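Visitor: There's a structure below that I have some questions on.
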Amino acid sequence: MRPTLHLPDLSFDPGTIVFSTGIRTSIEHVADFRQFIDHVMEMHLATEFGFVTRAMRFDNTLAALLGAGQLTSRYFVPPAFVVPERLVIITTHQDQATTTIRFPSEQE
C-alpha cells in the first residue's frame, strides 16, 4: 500500500478583484456570463489553474506556498457565450493584493 501524501495548503488571498473593460462589458450584455466568471474565479482560488503550462503551474504553486509573486490561470470560454475572445485570464498579484480578470488582448 502506498503512503498517503499530504500536500500543503495552497490558499491565497485574491485581494481586490478588478474586471477589465471587456469583461465588465461582457458581464453587462451577455446572459449568465457573470456566473461563468464567478465559477472560474472559484477554480482559481481553489488552485485549479485551468489551461496553463507545467512551468506556469509550478510557478503558481511556488507563489502560493511563499505568499509572494503572482498566480495566473487561463480558462476557455464556452461557445454558448458570445464574447470578444475565447479565453479569460485571471492574475493575482500577491504583492499588490489585487486580482485582475481580463481577456488576452487587454492589458492589466
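Visitor: How large is the Kirkwood hydrodynamic radius of the chain, in angstrom, based on all distinct alpha carbon pairs?
Guide: For the chain, the Kirkwood estimate is 14.6 Å.
Visitor: Find, among the trypsin sites (Lys or Arg not before Pro) in segment 9-108, those assigned to loop by DSSP (not H, G, I, E, B) with at most 13 other beta-carbon atoms within 10 angstrom.
Guide: Of the trypsin sites (Lys or Arg not before Pro), the ones in loops of segment 9-108 whose Cβ has at most 13 other Cβ atoms within 10 Å are R86.
Visitor: Only helical DSSP H runs with n ≥ 4 go in: add -39500 (n - 2.57) per run for the chain, normalise by residue count and round the 222 nm mean residue ellipticity to 500 deg cm²/dmol.
Guide: Result for the chain: -10000 deg cm²/dmol, rounded to the nearest 500.
Visitor: Between R57 and A31, what's the calculated FRET efficiency when r is the beta-carbon distance and R0 is 25 Å? Round to 0.05.
Guide: Efficiency, rounded to the nearest 0.05: 0.20.
Visitor: Over segment 29-70, give the accessible area per residue in Å² for a 1.4 Å probe, as an integer.
Guide: Normalised by residue count, the accessible surface of segment 29-70 is 64 Å².
Visitor: Something else: In whole Hz and in residue order, list the ³J(HN,Hα) couplings for segment 38-45 that follow from phi through the Karplus curve 6.51 cos²θ - 1.76 cosθ + 1.60, θ = phi - 60°; x for Gly and Pro.
Guide: 4, 5, 5, 5, 4, 5, 4, 5
Visitor: Report ³J(HN,Hα) in whole Hz for each residue of segment 53-63, in order, from the Karplus equation J = 6.51 cos²θ - 1.76 cosθ + 1.60 where θ = phi - 60°; Gly and Pro get x.
Guide: Going residue by residue, I get 6, 4, 5, 5, 4, 4, 4, 4, 5, 4, 4 Hz, with x marking Gly and Pro.
Visitor: Okay, next question. Run the quick spin-label model on Q107 and F76: label points 7 Å from Cα toward the beta carbon, then report their separation in nm to one decimal.
Guide: Rounded to a tenth, the inter-label distance reads 3.0 nm.
Visitor: Taking amide H positions as placed 1.01 Å from N in the peptide plane, with prolines and chain starts having none, which residues 5 or more places from I17, or on another chain, fall under 5 Å of its amide H?
Guide: Correct list: T99.
Visitor: Using the Karplus curve 6.51 cos²θ - 1.76 cosθ + 1.60 with θ = phi - 60°, work out ³J(HN,Hα) for each residue of segment 94-108 in order, rounded to whole Hz, and write x for Gly and Pro.
Guide: Listing the rounded values in order: 5, 6, 9, 6, 9, 10, 10, 10, 8, 8, x, 6, 9, 7, 6 Hz.
The values are calculated or read from the model by the stated rules, or taken from the named source; none is laboratory data. Every value quoted in this text rests on a predicted model; they were computed, and no experiment measured them. Please note: Cβ atoms are built from the backbone with ideal geometry, for glycine as well, and neighbour counts cover all protein chains shown. Heavy atoms of the whole protein, side chains included, go into the accessibility calculation; ligands, DNA and RNA do not. Shrake-Rupley method; radii C 1.70, N 1.55, O 1.52, S 1.80 Å.
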